[in-house]
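Working notes, beginning with the structure itself.
The values are calculated or read from the model by the stated rules, or taken from the named source; none is laboratory data. All figures in this text were calculated on a predicted structure; none of them were measured in a lab. No Cβ is skipped: glycine too gets one built from the backbone with ideal geometry, and neighbour counts run over all protein chains shown.
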Protein chains: 2
Amino acid sequence: MSRELKRGTIELVLLTLLEERERYGYEIVAAIEERSGGRLAVRDGTLYPVLYRLEEAGFVEPRWETQQRGVPRKYYRITEEGKEESRRLRTEWREFAAGLDAILDRMEDSR
Amino acid sequence: MSRELKRGTIELVLLTLLEERERYGYEIVAAIEERSGGRLAVRDGTLYPVLYRLEEAGFVEPRWETQQRGVPRKYYRITEEGKEESRRLRTEWREFAAGLDAILDRMEDSR
DNA sequence: TCATCTATCTTGCACAACAAGATAATACCT
DNA sequence: AGGTATTATCTTGTTGTGCAAGATAGATGA
């Protein structure tokens, strides 16, 4: 899937997945691929910087968890501000998609 | 509307509008705003470089038209390759939107 | 011991949309 | 005629963000 289309949507995807429950980065990478039916994919090198941006903005809060077995994981929890931002981004996405579809819908192959 | 969301979609929008009929740059700016119900907007400084990219790729062909009155206009016509590209981008957009919606749809406010 | 897996993190790059402004021809108003 | 506004195209420099590539490190198993 084109890199450009993803722009501006990854934050919304992360916040949405974190609204369901706490997750750690590596887990989110897999969740995105699975939940989108393989249509979306994000590299971990992309994901971590996004999580830092969200953290700095106060939308998520991290918590280290040392496992019985395996490497320590950094779990992220969404904040109230994060939920608000998620709603805002979701609305913006829907507005955008509706606007674009309004242009595409006149094409003969349009759905 | 956020700058980032638009990324990668402007070429599709232009090709779609040009599939309907020949248009010139300044006209396209207005058409985008009108047809999207005011939800999308693109500046002319953004649009012209996109048209050059499309021209260089062989997806559109320009033609100068000197008006009886007013400044000369550069009309763009879509090529066969351009129509193919338009279909390809349209499919890609729908796949992407479907993938993203699959993630969003589990949220309680999800439509 | 060595490879593999899980997991986090960093650096540098690419590229598209935008702001801001330049240019030019014409139209309108006084 | 002169001055301002309108239509229209084009250019330059900035910015943000996704990605490739690689580093690090602990745990596990052959």
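Within the range A:3-22, the presence of a residue that is out of contact with any helix residue (DSSP H, G or I) (no Cβ under 8 Å at 6 or more places or on another chain), free of Cβ contacts under 8 Å to residues at least 24 places away in the same chain and hydrophobic (A, V, I, L, M, F, W, C) is excluded. Consider B:R3 carefully, then state whether it is within 14 Å of another protein chain (Cβ to nearest Cβ), surrounded by fewer than 13 Cβ atoms within 10 Å (Cβ to Cβ) and closer than 20 Å to A:R3 by Cβ. So B:R3 fits the description; yes.
Evaluated against (1) over 30 Å from A:L18 (Cβ atoms); (2) surrounded by 15 or more Cβ atoms within 10 Å (Cβ to Cβ), B:G37 falls short on exactly one condition, (2). Checking the stated criteria, B:L14 turns out not to satisfy the condition of being within 11 Å of DNA strand D (Cβ to nearest atom), under 15 Å from B:S86 (Cβ atoms), surrounded by 17 or more Cβ atoms within 10 Å (Cβ to Cβ) and under 11 Å from the mean Cα position of the chain (by Cα).
Considering the conditions (1) buried (at least 16 other Cβ atoms within 10 Å of the Cβ); (2) modelled with pLDDT of 95 or more; (3) more than 10 Å from DNA strand C (Cβ to nearest atom), A:L47 is excluded by exactly one of them, (3). Of all residues in the range B:17-31, those being crowded, with 19+ Cβ neighbours inside 10 Å and hydroxyl-bearing (S, T, Y) number 0. Among the numbered conditions (1) of a type in the set (A, V, I, L, M, F, W, C); (2) surrounded by 12 or more Cβ atoms within 10 Å (Cβ to Cβ); (3) within 15 Å of DNA strand D (Cβ to nearest atom), the only one that A:I78 does not meet is (3).
Among the conditions (1) modelled with pLDDT under 95; (2) among the hydrophobic types (A, V, I, L, M, F, W, C); (3) loosely packed, with under 14 Cβ neighbours inside 10 Å, the only one that B:A57 does not satisfy is (1).
Condition check for A:P72 on (1) closer than 26 Å to B:W93 by Cα; (2) at pLDDT below 95; (3) within 12 Å of DNA strand D (Cβ to nearest atom): one failure, at (1). Checking each residue in the range A:28-62 for being more than 14 Å from chain B (Cβ to nearest Cβ) and more than 14 Å from DNA strand D (Cβ to nearest atom) picks out A:G58, A:V60, A:E61, A:P62.
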